[in-house]
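Engineer: Below is a structure I'd like to ask you about.
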Amino acid sequence: MTAVGLGLPGFPPRAPDGVGFLRGTESFPEAAHHELANPQLRRNIAKATHTIREKRLRVTGELPDWQALRDTGSAVKVDTLNRLPELLEQFEAAVVARGGVVHWAADAIEADAIVTELVEATGSREVIKVKSMATQEIGLNEHLESVGIRAYETDLAELIVQLGHDKPSHILVPAIHRNRSEIREIFLNEMDGVDPNLDDDPQHLAAASRKFLRHKFMTVPVAVSGANFGIAETGTLGVVESEGNGRMCLTLPQTLITVMGIEKIIPRFADLEVFLQLLPRSSTGERMNPYTSMWTGVTPGDGPQNFHVVLLDNGRTAALADAIGRQALKCIRCSACLNVCPVYEQTGGHAYGSTYPGPIGAVLTPQLTGMTGKDDPNASLPFASSLCGACFDACPVEIDIPSLLIELRHQKVEHTGFGPEAAAMRAASIAMSSATRFALAQKAAGLGRLVAGKKGTISTLPPPLSGWTDARDIPAPPRQTFRQWWKSAEGRAAIAEARAEASS
Amino acid sequence: MSSRTVILGRIREALVDAPPTPVTVPREYRVDRTLPDAERIDLLIDRLEDYDARVYRCDTAHLPAMLARVLTDAGARRVGVPTGLDESWLADFGGEVVVDGTDIPAPDLEDLDAVVTGSAVTCAETGTIFLDAGPDQGRRALTLVPDVHVCVVTVDSVEVGVPEALARLVPERPTTLVSGPSATVDIELERVQGVHGPRHLHVVLVDQAPPRTPS
Ligand code: SF4
């Protein structure tokens, strides 16, 4: 059993509660029920996830060395985590040598304070922002707002979310739950100076955002960004995007503040040759995204002349302290696992209550925040999955999300006992049962990865299989050797039996 | 204690309490690929056009005429260039040529109809042009603010794949990777071209010798 960090001495602290967006107000099953009642949302999400999924398969299939790239990507990230202190120090030295300033933020509260102080030092009451999950995680916009600084999201989807007083629902396409007529409404109601005759043609909606933000790009003197990677060897940072709003924010203002999770480091510049192949193809299903910006400190006469990077912990060291859980820190936020997840497809991103939705959110969020008791909404997240394994197969850095979910379920049960997870499992299965495409066989594929208590047997299965386990316990597969168990005669027999009984 | 010390301490402790499994990074993916000029360029053209860039080909001698034609067809009258662009390139262009300088405020670049630059290296397999702020490319704002970017790519700067292209970069230079014009899929996943970056990307491929296929 690895340490779980529920108040254990010496365990790194989790992300503080009450700041940022890592915890919803209700458990996954409760939230999922509202979301499931919204057919429009489900149609939008189904369309989006299926489209991206097909594109991804097409462009990953083009590369004969795709699997080799995944193996390298995974190993590079493991190596990074193994050597994180030295790589962070190397990164810091390289940034400083090129005229940048490095700040360290132990948690969201500190990160918000650092950024606020840096913005205030510029005298500006406005900032422009590039889509960044880290700043969403720490609730930066809301914090800035509280001290009278207005943050403008410049990514089209983020702008739609911001103007709609809404929350992102997908890592890559945060406004995917909105359709064009809703977006038109939002623009008409919330966008200063918008043409009242705006129709709902996506071309025209995008043009409206171009017009709205152009002036901001040209006049606001400070930008805040995230980063897709920070290179230890050279201190180079990279942002991957499509619209050019990133380039605007990274190039035109005098001051640039980049907030980056400590796990975003990669060791060498040459490692980009792996991640610049893995990320766009997994993310948007493109061979390459339209724009990628890379910069190193300050370049005289080109781009921001004041550059700050804020390195963020906020629960990441707690995830790192768990030998199994730390895998989640390999994530490059491509969102492929969301697009293949049958549960996400039914519930959308809001049900997860966190900046990080979908399969990766279900394993990353509870690790960043901890699971503080049986009523903690985040304690229900490891159950928000059918354990079908599609996320693992899609992940460009080979994060074994199903095993992580099992591990977190163990931890949850060990520390808070059985209880809400039964309901949580039911929610996942309700989501599943409306996914008619998914055959029972696929559900059964997840059977071994279900709740097992200390006695090492599986005693709770989601309906319609719960009746089966009421009557008898089945042996739980050893936590880290699910694949072996699955292939064994015993595993096959158990699954076959469950399948037969469930369909009878 | 500074947060730097705190965070580094937490990481070190985490790695002591849950010791990492050492890993050897496998490198089995393709590197050092080469393809004959014709195949490499065909691949590049296919990828550029797939992302809605307009592609033109000519040899060095015909570059000024080609650029003049492309700019005129794009309706450009006022054209920005970086300080290090070969002056002869725009010799045939009849409109106004503005040489960029760091004293020109970025918003003024909006008055340019188009910008003409060179490029550092290009990846055929992904249709990606790498700009590294070299003298023939200029500062990043120059290729960002104007609505039309005409980018000259020489055949010998085209590499097959991402690893080969990246190997030719100087990491510390501010670098922009461009794959087609600005685009978004944020509304119902429908691709819309041209949001904040240039809405039109014209790529002029330049051979040393006359082109094998007519453009
Ligand atoms: S867990 Fe893997 S598939 Fe999911 S977002 Fe992260 S890198 Fe992508």
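The values are calculated or read from the model by the stated rules, or taken from the named source; none is laboratory data. Since we're looking at a predicted model, the values are computed, not measured. Every residue, glycine as well, gets a Cβ built from its backbone with ideal geometry; the counts of neighbours run over all protein chains shown. Note: accessible area is taken over every heavy atom of the protein model, side chains too, but ligands, DNA and RNA are not part of it. Shrake-Rupley method; radii C 1.70, N 1.55, O 1.52, S 1.80 Å.
Engineer: Scattering from the C-alpha atoms of the protein assembly as shown alone, worked out with Debye: what is log10 I(q)/I(0) at q = 0.06, 0.09, 0.10 1/Å?
Structural biologist: Evaluating at q = 0.06, 0.09, 0.10 Å⁻¹ gives log10 I(q)/I(0) of -0.35, -0.78, -0.96.
Engineer: Which of the residues in the stretch B:1-21 show a loss of at least 30 Å² in accessible area from their chain by itself to the complete set of protein chains, at a probe of 1.4 Å?
Structural biologist: Buried by 30 Å² or more upon assembly, which counts only protein chains, are B:3, B:4, B:7, B:8, B:10, B:11, B:12, B:14, B:15, B:18, B:20.
Engineer: Sum up the charges of everything whose Cβ sits under 12 Å from the Cβ of residue B:10, counting Lys and Arg as +1 and Asp and Glu as -1, but leave residue B:10 out. If you can, show how the numbers build up before the last one.
Structural biologist: Numbers: positive: A:14, A:316, B:4, B:12; negative: A:107, A:313, B:13, B:17.
Residues near residue B:10 contribute 0 overall.
Engineer: If you roll a 1.4 Å probe over the stretch A:53-167 with all protein chains in place, what percent of the accessible area is carbon or sulfur? Let's see the in-between values first.
Structural biologist: Numbers: 2110 of 4160 Å².
The computed percentage sits at 51.
Engineer: Taking a threshold of 18 Å on the Cα-Cα distance, which of the pairs A:55/A:264; A:55/A:77; A:167/A:211; A:129/A:216; A:47/A:330 fall above it? Before the final figure, lay out the partial values.
Structural biologist: On the way: A:55/A:264 26 Å; A:55/A:77 25 Å; A:167/A:211 23 Å; A:129/A:216 10 Å; A:47/A:330 28 Å.
Where the Cα-Cα span goes over 18 Å, the pairs concerned are A:55/A:264; A:55/A:77; A:167/A:211; A:47/A:330.
Engineer: Which length gain, in nm to one decimal place, applies between residue A:165 and residue A:270 when the Cα-Cα distance is subtracted from 0.36 nm times their residue separation? Let's see the in-between values first.
Structural biologist: On the way: separation 105, 0.36 × 105 = 37.80 nm, distance 4.08 nm.
Residue separation times 0.36 nm, minus the Cα-Cα distance, leaves 33.7 nm.
Engineer: Express as a percent, rounded to the nearest 5, the fraction of DSSP beta bridges in chain B (both residues included) that run antiparallel.
Structural biologist: On the way: 8 of 32 bridges.
Antiparallel bridges: around 25 percent, rounded to the nearest 5.
Engineer: Anyone know which of B:198, B:163, B:105 comes out most mobile in the 10 Å Cα GNM of chain B?
Structural biologist: Residue with maximal mean-square fluctuation among B:198, B:163, B:105: B:105.
Engineer: Please work out whether the stretch A:249-342 counts as rounded, prolate or oblate from its C-alpha gyration tensor, where a ≥ b ≥ c are the square roots of the eigenvalues and a/c under 1.5 means rounded, while otherwise a/b larger than b/c means prolate and anything else oblate? Walk me through the intermediate numbers first.
Structural biologist: Values: a/c = 2.17, a/b = 1.34, b/c = 1.63.
Oblate, because a/c is 1.5 or more while a/b does not exceed b/c.
Engineer: Using only alpha-carbon positions, what ratio does the radius of gyration of chain B give when scaled by 2.2 N^0.38 Å? Display every interim value, and only then the final one.
Structural biologist: Working: Rg = 21.1 Å, N = 215, 2.2 N^0.38 = 16.9 Å.
Working it through for chain B, the quotient is 1.25.
Engineer: Can I ask one more? Buried accessible area between A and B (1.4 Å probe, both chains summed, ligands and nucleic acids excluded), in Å² to the nearest 100? Each step should come with its number before you reach the end.
Structural biologist: Numbers: alone 19770 and 12680 Å², together 25130 Å².
Summed over both sides, the interface buries about 7300 Å².
Engineer: Count the net charge of all other residues whose Cβ sits under 11 Å from the Cβ of residue B:127, scoring Lys and Arg as +1 and Asp and Glu as -1. Working shown, then result.
Structural biologist: Details: positive: A:287, B:47; negative: A:286, B:46, B:49, B:50, B:52, B:125.
Net charge in that neighbourhood comes out at -4.
Engineer: Based on the alpha-carbon gyration tensor of the stretch A:54-169 and its eigenvalue square roots a ≥ b ≥ c, which shape applies: rounded if a/c is under 1.5, prolate if not and a/b is larger than b/c, or oblate?
Structural biologist: Details: a/c = 2.63, a/b = 1.33, b/c = 1.97.
Verdict is oblate for the stretch A:54-169.
Engineer: Can you find, among B:148, A:369, A:215, the residue sitting farthest towards the positive end of the charge dipole of the protein assembly as shown, where Lys and Arg contribute +1 and Asp and Glu -1 at Cβ?
Structural biologist: A:369
Engineer: Quote the charge dipole size of the stretch A:268-358 about the Cα centre in Debye, to the nearest 20; the model charges only the Cβ of Lys and Arg (+1) and of Asp and Glu (-1).
Structural biologist: Values: 7 positive and 7 negative charges, 27 e Å.
In debye, rounded to 20, the stretch A:268-358 gives about 120.
Engineer: How far is it, in nm, from the label point at residue B:5 to the one at residue B:78 when both lie 7 Å from their Cα along the line to the Cβ?
Structural biologist: 5.7 nm
Engineer: Something else: How large is the charge dipole for the stretch A:226-315, taken about the Cα centre, if only the Cβ atoms of Lys, Arg (+1) and Asp, Glu (-1) carry charge, to the nearest 20 debye? Display every interim value, and only then the final one.
Structural biologist: Details: 5 positive and 9 negative charges, 18 e Å.
Dipole magnitude for the stretch A:226-315 comes out near 80 debye.
Engineer: Hey, another quick one. Tally Lys/Arg at +1 and Asp/Glu at -1 over every other residue whose Cβ is under 9 Å from the Cβ of residue A:290; what's the total? Walk me through the intermediate numbers first.
Structural biologist: Values: positive: none; negative: A:241, A:243, A:286.
Taking every Cβ under 9 Å from that of residue A:290, the sum is -3.
Engineer: Here is a follow-up. Dipole size in debye (nearest 20) for the protein assembly as shown around its Cα centre, Lys and Arg Cβ +1, Asp and Glu Cβ -1?
Structural biologist: Values: 69 positive and 92 negative charges, 443 e Å.
Charge dipole of the protein assembly as shown: 2120 debye, to the nearest 20.
Engineer: With the dipole of the protein assembly as shown worked out from charges on the C-beta (+1 for Lys and Arg, -1 for Asp and Glu) around the Cα centre, which of A:258, B:158, A:69 lies farthest toward the positive end?
Structural biologist: Going by the Cα projections, it comes out as A:69.
Engineer: Further, regarding this structure: At 0.36 nm per residue, minus the direct Cα-Cα distance, what do residue A:125 and residue A:89 gain on full extension? Give it in nm, one decimal, please.
Structural biologist: Numbers: separation 36, 0.36 × 36 = 12.96 nm, distance 3.27 nm.
In short, 9.7 nm is gained.
Engineer: For residue A:154, what residues show an amide H to amide H distance below 5 Å, using hydrogens built from the backbone and excluding near sequence neighbours?
Structural biologist: Result for residue A:154 returns A:129, A:131.
Engineer: Taking a spot 7 Å from the Cα of residue B:110 along the direction of its beta carbon, which residues of the stretch A:212-237 have an amide N less than 18 Å from it?
Structural biologist: Inside the label zone: A:212-223.
Engineer: I want to check the label-to-label distance for residue B:170 and residue A:189. Put each point 7 Å from Cα in the C-beta direction and report it in nm to one decimal.
Structural biologist: The answer from the label model is 5.3 nm.
Engineer: Go ahead and estimate [θ] at 222 nm for the protein assembly as shown from helices alone: -39,500 (n - 2.57) per DSSP H run with n ≥ 4, summed, over the residue count, rounded to 500.
Structural biologist: -12000 deg cm²/dmol
Engineer: Please calculate how many Å² of accessible area the protein assembly as shown carries per residue, with a 1.4 Å probe and no DNA, RNA or ligand atoms counted. Don't skip to the end; give the middle numbers.
Structural biologist: Details: 25130 Å² over 719 residues.
Computed with neighbouring chains in place, this is 35 Å² per residue.
Engineer: For the stretch B:5-49, what % of the accessible area comes from carbon and sulfur atoms, probe 1.4 Å? Display every interim value, and only then the final one.
Structural biologist: Details: 1420 of 2690 Å².
Here carbon and sulfur together make up 53 percent of the probe-accessible area.
Engineer: When a/c reaches 1.5 or more, the comparison of a/b and b/c decides; with that in mind, is the stretch A:334-418 rounded, prolate or oblate per its Cα gyration tensor?
Structural biologist: Numbers: a/c = 1.92, a/b = 1.51, b/c = 1.27.
Verdict is prolate for the stretch A:334-418.
Engineer: Let me ask something else. Which residue fluctuates most in the GNM of chain B (Cα springs below 10 Å): B:119, B:182, B:88?
Structural biologist: B:88
Engineer: Let me ask something additional. Helix by helix through chain B, keep the DSSP H runs that span 18 Å or more along the axis on Cα and average at least -1.0 on Kyte-Doolittle, and give those back in order.
Structural biologist: Details: long enough: B:3-17 (20 Å, 0.29); B:37-50 (19 Å, -0.56).
Within chain B the helices that satisfy the rule are B:3-17, B:37-50.
Engineer: Please name which of A:380, A:339, B:45 has its Cα lying farthest along the dipole of the protein assembly as shown towards the positive end, using unit charges on Cβ (Lys, Arg +1; Asp, Glu -1) and the Cα centre as origin.
Structural biologist: Sorting the options by dipole projection puts first A:380.
Engineer: Under a point spin-label approximation (7 Å from Cα along Cα-to-Cβ), what is the residue A:82-residue B:98 distance to one decimal in nm?
Structural biologist: Here the answer is 5.4 nm between the modelled labels.
Engineer: How many angstrom lie between the Cα centre of the stretch A:359-393 and the Cα centre of the stretch B:31-89?
Structural biologist: Cα centroid of the stretch A:359-393 versus Cα centroid of the stretch B:31-89: 50 Å apart.
Engineer: Another one. State, as an integer percentage, the relative contact order of chain B based on alpha-carbon contacts under 8 Å between residues 6 or more apart.
Structural biologist: 25 percent
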